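To keep things clear, I will list the structure first and then write my remarks on it.
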Number of protein chains: 2
Amino acid sequence: MTPEKNILIGIDIGGTNVRAGAVTAQGELLNWRDAKIEADRGPDFGLNVIVDLVENVVTEAGLSVAALGIGSTGPLDRERGCIQNPYTLPGWEDVDIVTPLRERFGVPVALENDADAASLGEAWVGAGRGFKSMVMFTIGTGVGFALIKDGEIHRGVNREHPEGGHILIDPEGPECYCGTNGCLESLVAGPALAAFARSAAQENPGSYLSGVPGAPENLEARDIFEGARMGDGVCLELVDQTAGYIARGLISILMMILPEAIVLTGGVLRSFDLMEKRIRLELKKVDIIIPAGNVHLQMSKTGQHAGLLGAARAAQLLLEK
Amino acid sequence: MTPEKNILIGIDIGGTNVRAGAVTAQGELLNWRDAKIEADRGPDFGLNVIVDLVENVVTEAGLSVAALGIGSTGPLDRERGCIQNPYTLPGWEDVDIVTPLRERFGVPVALENDADAASLGEAWVGAGRGFKSMVMFTIGTGVGFALIKDGEIHRGVNREHPEGGHILIDPEGPECYCGTNGCLESLVAGPALAAFARSAAQENPGSYLSGVPGAPENLEARDIFEGARMGDGVCLELVDQTAGYIARGLISILMMILPEAIVLTGGVLRSFDLMEKRIRLELKKVDIIIPAGNVHLQMSKTGQHAGLLGAARAAQLLLEK
């Protein structure tokens, strides 16, 4: 493709919004737009929203399109180009998203799940840029994980993506929907932290957490971090516990993959600053057998555009194949 | 290389013996020999042993040599082609093994650590053959781990190899030389099992373990498995505990990498048959979020020749570069 004349279009499909952007071959975002996907109005309506969005973005950019990439909330059937998601996109069961866009725009269309697309974006032009191997590590409502090796997404058996957020941490830990107990997600994801906050509020009637309006029922992970910033002892203990679990998760990633970079993202990791000292202290301990200190551990840089940029990169990789 | 006329030479250097073999481009071992390396007589003596061994193997095979590969006990400096191992090869500190062999035989020479070489052999012509991604998982005196992806060894930052044997399993587990505690090696490697056996013998004076000659001081991992085969309750419990830890380690590997195949090897895993039922039961539980049941989990097939075959494969990969 000629970078001056053609653009890549990245499309980021979430449960509520869809965003499209025009991206150069070098990963520069020229312009973008978003819209409500209104999943309850069905896939035909949603597809029209996406087509309109892409047409507007292309018109604004004033360039022709080389390829389209989609990063979508899952589960997906990548081989068939289908979104199969009755949970976050109700009514969108087994919807072929690739064929209509390919036919409408006459260019190749790539499809990746949203976590993989975000990782690809971060590896391309974000905090993972220039590294041969990068792990993108997300802690939010769930715990996500993607390995990018030599610029491409690592895929597992059946070309499915692994679920590194469920590596096992503590044999005494809580049960998880993954089928076992004490996995990382069961200990540090938003809902897990909210449950710890509720228990702590009940056990400590005079504490910061018990005084949060709506406590204990409405306590969220963020309440722990807010309390910790105000110096509350119970919250500081929960933050320390969380940092310890995250550190053990990161050590397992280092021991198994030893990537050149680990990029952190997600709502819980927005409070990484509160946990960083403890986490780096724990990682330093394993320097004795692996060069943990040489692994770049940092926050993501592409932020809200990670998925869109990664979708554009997936489109570019498709052209190179 | 023309397979009919040229052979690859694989060399497997251990602390006691060195073995060399002639291998075809298709991975068939034509002939092999071994010799004592007598590390205490120094690297010059050892190098002569290796050169003689290779010459004999080449003469017997009656073919010319395309390339040599070495799989050696570590640590190594692969970039400089040096063995740096005062522990298992006393006197061999910082010995350039690649240059003398390259000059003597006039062909390219590859150097890999022994675990990586064995994994490469297993992926090439063993139980990992035909899979896009394979993890070789060794439990013996230590716990080892290597990921082969698209036929090549996965390397970490600084091109160093990860230490997957030290993924963290139990925050309450024993301390390990890796700098943390409760890693897989601290719970299931031979010395860890021997320590569990000693404690169990002392706590259960009438048990099978307490009756082993030399118990408790001389108890080894194998005594646990022997007792279990005879139906001893204490040993069966220790086997079940070990199977549980190994299963949690395997689940973390599946969650993080989801390889197409996991190949098992090493002294402790020779008793895999005693643990297989429990391990497969645990793995089945995570089928709910990853296709664990589609991952081929089996014992290694290349056995004692894994290192030699993998060294030959490393030589072949060097030719292809």
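Every residue in segment A:182-202 that is polar (S, T, N, Q) and within 14 Å of chain B (Cβ to nearest Cβ), please. Lay out the reasoning, then the answer.
To start, the set of residues in segment A:182-202 that are polar (S, T, N, Q) comprises A:186, A:199, A:202.
Listed by number, the list holds a single entry, A:Ser186.
With the condition kept exactly as written, say whether any residue in segment B:287-295 is of a type outside the set (S, T, N, Q), in a helix (DSSP H, G or I) and in contact with an Asp or Glu (Cβ under 8 Å, 6 or more places away or on another chain).
yes
Quick check on segment A:212-234. Is at least one of its residues more than 30 Å from B:Ile148 (Cβ to Cβ), within 14 Å of another protein chain (Cβ to nearest Cβ), more than 19 Å from the chain's Cα centre (by Cα) and not hydrophobic (A, V, I, L, M, F, W, C)? First the steps, then the outcome.
Taking segment A:212-234 as the starting set, the residues that turn out to be more than 30 Å from B:Ile148 (Cβ to Cβ) are A:212-234.
Narrowing further to those that are within 14 Å of another protein chain (Cβ to nearest Cβ): none.
Among the residues of segment A:212-234, not one is more than 30 Å from B:Ile148 (Cβ to Cβ), within 14 Å of another protein chain (Cβ to nearest Cβ), more than 19 Å from the chain's Cα centre (by Cα) and not hydrophobic (A, V, I, L, M, F, W, C), which makes the answer no.
Restricting the first residue to segment B:274-302 and requiring it to be at the interface with chain A (Cβ under 8 Å from one of its Cβ atoms), which pairs with a second residue that is hydroxyl-bearing (Ser, Thr, Tyr) meet a Cβ separation below 7 Å and a spacing of at least six or different chains?
Filtered contacts from segment B:274-302: B:Lys285/A:Thr180; B:Val286/A:Thr180.
Name every residue in segment B:184-239 that is assigned to a helix (DSSP H, G or I) and β-branched (Val, Ile, Thr), in order of residue number. Give the steps one after another, and end with the answer.
Looking only at segment B:184-239, we keep the residues that are assigned to a helix (DSSP H, G or I), and these are B:184-188, B:190-203, B:208-211, B:221-229, B:233-239.
Hits for segment B:184-239 are B:Val188, B:Ile224, B:Val234, B:Val239.
Looking only at strands (runs of 3 or more DSSP E) that lie completely in segment A:50-145, which have at least 3 residues being within 14 Å of chain B (Cβ to nearest Cβ)?
On the way: elements: A:64-72, A:109-113, A:133-139.
Of the strands (runs of 3 or more DSSP E) lying wholly inside segment A:50-145, those with at least 3 residues that are within 14 Å of chain B (Cβ to nearest Cβ) span A:133-139.
Residues in segment A:70-79: is at least one at pLDDT 95 or above and either of a type outside the set (S, T, N, Q) or surrounded by 15 or more Cβ atoms within 10 Å (Cβ to Cβ) (or both)? Don't jump to the end; show me each part of the working.
The initial filter retains those residues of segment A:70-79 that are at pLDDT 95 or above, namely A:70-71.
After this cut, where a residue has to be either of a type outside the set (S, T, N, Q) or surrounded by 15 or more Cβ atoms within 10 Å (Cβ to Cβ) (or both) as well, the list is A:70-71.
Yes: segment A:70-79 contains one or more residues that are at pLDDT 95 or above and either of a type outside the set (S, T, N, Q) or surrounded by 15 or more Cβ atoms within 10 Å (Cβ to Cβ) (or both).
Suppose we filter segment A:25-45 for residues that are buried (at least 17 other Cβ atoms within 10 Å of the Cβ) and modelled with pLDDT under 95; how many remain?
Looking only at that region, the number is 3.
Of all residues in segment A:297-321, which are in contact with a Phe, Trp or Tyr (Cβ under 7 Å, 6 or more places away or on another chain) and outside any helix (DSSP H, G or I)?
A:Met299 - this is the single residue of segment A:297-321 that is in contact with a Phe, Trp or Tyr (Cβ under 7 Å, 6 or more places away or on another chain) and outside any helix (DSSP H, G or I).
Limited to segment A:281-315, what total is found for residues that are surrounded by 21 or more Cβ atoms within 10 Å (Cβ to Cβ) and within 13 Å of A:Gly71 (Cβ to Cβ)?
12
Condition check ((1) more than 20 Å from the chain's Cα centre (by Cα); (2) of a type in the set (A, V, I, L, M, F, W, C)) across all residues:
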{"position": "B:Ile11", "(1), (2)": "no, yes"}
{"position": "B:Arg19", "(1), (2)": "no, no"}
{"position": "B:Thr24", "(1), (2)": "yes, no"}
{"position": "B:Ile37", "(1), (2)": "no, yes"}
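Just to be sure before I move on: is B:Ser186 farther than 12 Å from B:Leu274 by Cβ and in contact with a Cys (Cβ under 7 Å, 6 or more places away or on another chain) in the structure I sent?
On the way: farther than 12 Å from B:Leu274 by Cβ: yes; in contact with a Cys (Cβ under 7 Å, 6 or more places away or on another chain): yes.
Yes, satisfied.
Residues of segment B:7-25 being in a strand (DSSP E or B), of a type in the set (Val, Ile, Thr) and closer than 21 Å to B:Asp40 by Cβ, which ones? Explain how you work it out, then say what you get.
Going residue by residue through segment B:7-25, those that are in a strand (DSSP E or B) are B:7-13, B:17-23.
Applying the additional criterion that residues be of a type in the set (Val, Ile, Thr) yields B:7, B:9, B:11, B:13, B:18, B:23.
Hits for segment B:7-25 are B:Ile11, B:Ile13, B:Val18.
Could you list, in sequence order, all residues of segment B:146-181 that are β-branched (Val, Ile, Thr), in contact with an Asp or Glu (Cβ under 6 Å, 6 or more places away or on another chain) and more than 7 Å from chain A (Cβ to nearest Cβ)?
Once the filter is applied, which keeps residues that are β-branched (Val, Ile, Thr), in contact with an Asp or Glu (Cβ under 6 Å, 6 or more places away or on another chain) and more than 7 Å from chain A (Cβ to nearest Cβ), segment B:146-181 yields only B:Ile153.
What number goes with the only condition from (1) touching a Ser or Thr at 6+ places or on another chain (Cβ under 8 Å); (2) under 18 Å from B:Ala311 (Cα atoms); (3) β-branched (Val, Ile, Thr) that B:Thr88 does not pass?
(2)
For segment B:215-224: of the residues being modelled with pLDDT of 95 or more and either over 17 Å from B:Val239 (Cα atoms) or not assigned by TED's automatic domain parsing to the domain that holds B:Glu237 (or both), which is surrounded by the most Cβ atoms within 10 Å (Cβ to Cβ)?
Of segment B:215-224, the ones modelled with pLDDT of 95 or more are B:216-224.
Remaining after also requiring either over 17 Å from B:Val239 (Cα atoms) or not assigned by TED's automatic domain parsing to the domain that holds B:Glu237 (or both): B:216-218.
On the way: B:Pro216: 18, B:Glu217: 8, B:Asn218: 12.
Result: B:Pro216.
Select, from B:Ala243, B:Ala228, the only residue that is crowded, with 21+ Cβ neighbours inside 10 Å and in contact with a Cys (Cβ under 8 Å, 6 or more places away or on another chain). Give the steps one after another, and end with the answer.
Values: B:Ala243 fails: in contact with a Cys (Cβ under 8 Å, 6 or more places away or on another chain).
Only one candidate passes the filter, namely B:Ala228.
Any chance segment B:150-161 includes a residue that's in contact with a helix residue (DSSP H, G or I) (Cβ under 6 Å, 6 or more places away or on another chain) and among the aliphatic types (A, V, I, L, M)?
Yes - at least one qualifying residue is present in segment B:150-161.
Of these, B:Gly267, B:Gly244, which one is in the same structural domain as B:Gly140 (by TED's automatic domain parsing) and either touching a Pro at 6+ places or on another chain (Cβ under 6 Å) or at pLDDT below 95 (or both)? Steps first, answer last, please.
Details: B:Gly244 fails: either touching a Pro at 6+ places or on another chain (Cβ under 6 Å) or at pLDDT below 95 (or both).
Step by step, each of B:Gly267, B:Gly244 is checked, and only B:Gly267 is in the same structural domain as B:Gly140 (by TED's automatic domain parsing) and either touching a Pro at 6+ places or on another chain (Cβ under 6 Å) or at pLDDT below 95 (or both).
Is there any pair with a first residue in segment A:155-177 that is assigned to a loop (DSSP other than H, G, I, E, B) and a second that is basic (Lys, Arg) whose Cβ atoms are under 6 Å apart and which are 6 or more apart or on different chains, and what are they?
Final answer for the pair search is A:Ile169/A:Arg248.
Say whether the condition of being in the same structural domain as A:Val295 (by TED's automatic domain parsing), surrounded by 22 or more Cβ atoms within 10 Å (Cβ to Cβ), farther than 19 Å from B:Ile288 by Cβ and touching a His at 6+ places or on another chain (Cβ under 9 Å) is met by at least one residue in segment A:202-212.
no
Could you list, in sequence order, the residues of segment A:106-123 that are within 9 Å of A:Ile148 (Cβ to Cβ) and either free of Cβ contacts under 8 Å to residues at least 60 places away in the same chain or among the hydrophobic types (A, V, I, L, M, F, W, C) (or both)?
Within segment A:106-123, the first condition is being within 9 Å of A:Ile148 (Cβ to Cβ), and the residues that meet it are A:116, A:119-120, A:122-123.
A:Leu120, A:Ala123 - these are the residues of segment A:106-123 that are within 9 Å of A:Ile148 (Cβ to Cβ) and either free of Cβ contacts under 8 Å to residues at least 60 places away in the same chain or among the hydrophobic types (A, V, I, L, M, F, W, C) (or both).
Among the numbered conditions (1) assigned to a loop (DSSP other than H, G, I, E, B); (2) modelled with pLDDT of 95 or more, tell me where A:Ser252 comes up short.
That leaves (1) as the condition not met.
The values are calculated or read from the model by the stated rules, or taken from the named source; none is laboratory data. Note that this is a predicted model, so its numbers are computed, not measured. Neighbour counts are summed over all protein chains in view; Cβ atoms, including those assigned to glycine, are modelled from backbone coordinates with ideal geometry.
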